[in-house]
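Here's the structure, in structure tokens; my notes come after.
The values are calculated or read from the model by the stated rules, or taken from the named source; none is laboratory data. Worth saying up front: this structure is predicted, and the values here are computed from it rather than measured. Using ideal geometry, Cβ is built from the backbone for each residue, glycine included, and neighbour counts are taken over all protein chains shown.
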Amino acid sequence: MQPKIFSLDDNPFHLLKASYRSSVTDISNLIEDAELDGIYPEEDLQKARQALVTPRTRLMLELTWLPELSQLQTSKLSELLRNADPTVILSQIGHFPELAKANIAAHLCSHGRSSVEVVHSLAQSWDEIDEGHILTFLNKERRSSGFPKIEAEQLREVLRDVRQRHAAAAANWIWTLPVPGTVMNTVVEHELESNPDSSFLRHFVEIYDKESEPQLAIIKDSIIAATEAAQEVSHDLMSHIKNIEKLLETWDAINQPVQIYSQFRGQEEGRSKQIYEIVRKLCLGLANDHGRYDEALNLSTALLKTFPELESVAESLKGDITSLETLAEQKKLSDQLDPLVEACDRAKNNATSLSKSLKIGGFTVGGGKVLSDVVKSFNAARKGLPEPGVAFLVIRDLALSLNNESNDPQAAFLLLDGVLCLSGGNVPKEILDKLRQERSVVHKNWKMKELDRQNGNLNEMLKIVDEMLVYSNSTDRNYLQKLKSKIERKRFAKKVKFAIYTGIAGVIGFFVLADEFMKPTKRTTYRPPSSNQITTAPAPARAPVVSNAYQEDIPPVGSGLSLNRNQVRYCIYQGARLDYIRPLTANNRQIDRLNGLIDDYNRRCSSFRYSSGVLGAVQGELSSRRAVLREEARRMVASW
């Protein structure tokens, strides 16, 4: 069994039943009595005598015994210490001198019979000890016992040693408990409120911290191993994240009292800050290099919960969490929206097949693989997204591609009309109004061609005009009503064809002009508003920072300039990024930013010269870089 850190039972004053006034002769006589009693080995008794008659060691024994108590009080206390509960003991010694109370509390701690109240009593006693009073008492007793006088500095030095032993006894008791950190927290917080400048509290926390080092070292090694495993971003990443979270909780359960004490003194606990830096480095890697925002968010939240006492990093963590919450939400939206975007991209590349399917069966899943993929992914997105309007705007972009690039307004109309039939009450009104307006435009583009082909066939022309009236806006409706009346008059009156053609030509001219003004020229896609990310998105016309293997240099403004490989790479890559950005824009501010990027791109990359083989080599890189460029485009839009 290890010796007790502090024990009144081991004090020679107790073994020999000596008092502070016992002289050398008295002590020799007490030795004989003790030998006759046969309670203690003779060797222990001789050691006790030697310690009491040596002035230097005697002072330590005097200070760790029961100064100012009578022999009767000492005897009653011995019985109390053997049998009574700590709470009863504290109630019985409340009027004792402070150093005696401190020694009793340290004895209880060292014998495992302590409590939070005992530790509070120990700390309070040290706050109220009067060194001058103790010095006067000891020198008075020494005059009677024949031992030399004690100097104030000598007393102060030994008292520091006694306080250190008391603090060690209290800390040792803390570490015998099932949850030492929780009890230590209670003690530290109480003592900081009562006397934050207590020298005993400082020693107490320092000893507790030192005794925690072996356990904290094991936890730190486990955290390092777990973060290294998590950096592999394998299929079991989440299990590593949960392991790190548990290790942080274990760390905090032990180290938090030290963090609280350091924070109160305007400091930051060094080992905890190292752990924070190790785990935050993993968070940044998961978020910035792998797009694993949910996992990074979990770790950042765990860090903030573990280390709120590290004030210099708490604000940084709060910013990380805000950004990661936004990025995680955007990633969820992107994950739900990506299948639709990819299906629409494939449909643009197979516009003929898409058009044929739409014209046969409309916007349904039974219209061939290209159209079926679009319809299925659209239905999944509008039902799964919290803002289903974005799914409608992705389809809008596909419709505009059919109208403007494939010159197929009929297919564009069928597409827009099909998605409008599926709109529900949770689609924003402004989006539905935009889709209806553009449905009207593409319907007019489609029917105007038919009207022109049926020129002279009054019955068919009248039928087409009636169809156009169904989807026309208020302005067009007035002209169409006039045209309808005119056709009806000509038909019923059977006027000369030339007069009919003249009237029709005027109206057709109007719609040709109207078509030029009302034809959509910009493609936009709604995206939810975003906030700050951990890394700042590129400014307009600025190439992202990449590795040297794919270095991009922004070319100067001009036409026909000779560009080097890195400048050609910027033009090819930036063109791809702009293609990815178009369907992601959602509001006027984002559209303006996109238009600015397009204008800047045209001024630099619309016409340039290059060395032989450069363009083909850069274009050959593009297929392996598409995922990176698409992610850069998303980040650019998210920062607007």
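Structure notes:
- When A169, A230 are checked against the criterion of being touching a Leu at 6+ places or on another chain (Cβ under 7 Å) and among the small types (G, A, S), a single residue qualifies: A230.
- Screening S70 against (1) touching a residue at least 12 places away in the same chain (Cβ under 8 Å); (2) under 20 Å from D26 (Cβ atoms) leaves a single unmet condition, (1).
- Residues considered: H166, H190, H203. Of these, the only one that is surrounded by 13 or more Cβ atoms within 10 Å (Cβ to Cβ), outside the structural domain of H290 (by TED's automatic domain parsing) and over 22 Å from E269 (Cα atoms) is H166.
- Residues located in the range 130-160, provided they are under 30 Å from E213 (Cα atoms) and surrounded by 13 or more Cβ atoms within 10 Å (Cβ to Cβ): V158, L159
- Looking at the range 52-149, the helices (runs of 4 or more DSSP H) lying wholly inside it that each contain 1 or more residues that are over 51 Å from the mean Cα position of the chain (by Cα) sit at 55-63, 71-83, 86-92, 98-110, 131-145.
- Screening K359, K305, K332 for residues that are under 27 Å from P428 (Cα atoms), assigned to a helix (DSSP H, G or I) and either out of contact with any strand residue (DSSP E or B) (no Cβ under 7 Å at 6 or more places or on another chain) or touching a residue at least 40 places away in the same chain (Cβ under 8 Å) (or both) leaves exactly one candidate, K332.
The rows are residues; the columns are (1) in contact (Cβ under 8 Å) with a residue 24 or more places away in the chain; (2) closer than 25 Å to K4 by Cβ; (3) of a type in the set (S, T, N, Q).
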| position | (1), (2), (3) |
| --- | --- |
| R143 | no, no, no |
| G146 | yes, no, no |
| I174 | yes, yes, no |
| S222 | yes, no, yes |
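- The residues in the range 375-392 that are more than 11 Å from L422 (Cβ to Cβ) and either touching a Leu at 6+ places or on another chain (Cβ under 6 Å) or at pLDDT 95 or above (or both) can be counted, and the count is 2.
- Filtered by the rule that a residue be assigned to a helix (DSSP H, G or I), of a type outside the set (A, V, I, L, M) and surrounded by 12 or more Cβ atoms within 10 Å (Cβ to Cβ), the range 603-625 gives R603, R604, C605, Q619, E621, R625.
- Residue match in the range 349-371 (condition: surrounded by fewer than 17 Cβ atoms within 10 Å (Cβ to Cβ) and farther than 30 Å from F413 by Cα): no
- If you go through the range 150-163 and keep only what is in contact (Cβ under 8 Å) with a residue 12 or more places away in the chain, within 15 Å of L61 (Cα to Cα) and assigned to a helix (DSSP H, G or I), you end up with Q154, L155, R156, V158, L159, D161, V162, R163.
- Flag if G424 is surrounded by fewer than 16 Cβ atoms within 10 Å (Cβ to Cβ) and within 21 Å of L584 (Cβ to Cβ): no
- Output for the range 411-430, where each listed residue is outside any loop (DSSP other than H, G, I, E, B), of a type outside the set (F, W, Y) and under 19 Å from F363 (Cα atoms): A411, A412, L414, L415, L416, D417, G418, V419, L420
- When S125 is tested against (1) hydroxyl-bearing (S, T, Y); (2) free of Cβ contacts under 8 Å to residues at least 60 places away in the same chain; (3) surrounded by fewer than 17 Cβ atoms within 10 Å (Cβ to Cβ), just one condition goes unmet, and that condition is (3).
- As a summary of the residue check, T176 satisfies the conditions (1) out of contact with any Gly (no Cβ under 7 Å at 6 or more places or on another chain); (2) surrounded by fewer than 19 Cβ atoms within 10 Å (Cβ to Cβ) except for the one numbered (1).
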